[in-house]
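Contents: one structure, followed by commentary.
Every read-out reported here was derived from the displayed coordinates using simple, explicitly stated rules and does not represent laboratory data. In this text, all values refer to a predicted model and were calculated from it rather than measured experimentally. A quick note on method: Cβ atoms are made from the backbone with ideal geometry, for glycine too, and the neighbour counts reach across all protein chains shown.
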Amino acid sequence: MCMGGGIGAALGVGLQTLSGTVASFASDSAAYEQQQRANDIQEAQYLSTARSKDLQAQSIYRQVEEEASQVNHDAAAKKGEIAREAESRRASQRAAGSYAGLSSSTVNRLLSEISIDEAGNKSTIENNRQNKMVQLTEKKAAAHTNAYMQPLQLQEPEQPSFLSALGGVAGAGLSAFTAYKTHNNAINMYNSK
């Protein structure tokens, strides 16, 4: 008589434990799915931000390259203009010196002054060109930093682990087994009396 009651009670505990385990598994599975959806959204945002920053950097790179090309072209044009102007001045000075009967040393001194002015003007243009190129290089480096370093500051999505859900189920199963053994031991003690 006691034995039948013990089996029924053990079955009751077993079914209760099984239903608790199934409920725990369902809860852990739902939590896993929710974590996976959140991860998918975060990953999409991460990739979108990285792609946007990459496109922005590429646009800035193209602008910088076009501006650098223009700076180089303008500097070369100005240097050419200065060279033509200096050559014209030298030709005029030679003609004037010859017409006025100036000594060749005087004409050479005047021509040297023209060459010195030409070199100074070309040097100023070259310094300005180099300074502008440094600014453009810094602009390009800033675009690179903004595009490729800032997305790295975003927390990269962490993949959810199904092991945590399995851990919850295993814990519930262990609790069920412990409850069953405790109840079974109590029945065996009662029946042995």
**Proximal aspartates and glutamates to Lys79, defined as alpha-carbon separation beneath 13 angstrom and excluding residues fewer than eight positions away on the same chain** = Glu87, Asp117, Glu118, Glu126
**Message:** With 10 angstrom as the radius, rank Arg90, Arg51 by how many other C-beta atoms surround their C-beta, starting from the fewest.
**Reply:** Arg51, Arg90
**Item:** Hits among lysines - C-alpha to C-alpha of Lys139 under 24 Å, sequence gap 8 or more where chains match
**Value:** Lys53
**Request:** Just tell me which lysines come within less than 27 Å, Cα to Cα, of Lys181; anything on the same chain fewer than 8 places away is out.
**Result:** Lys193
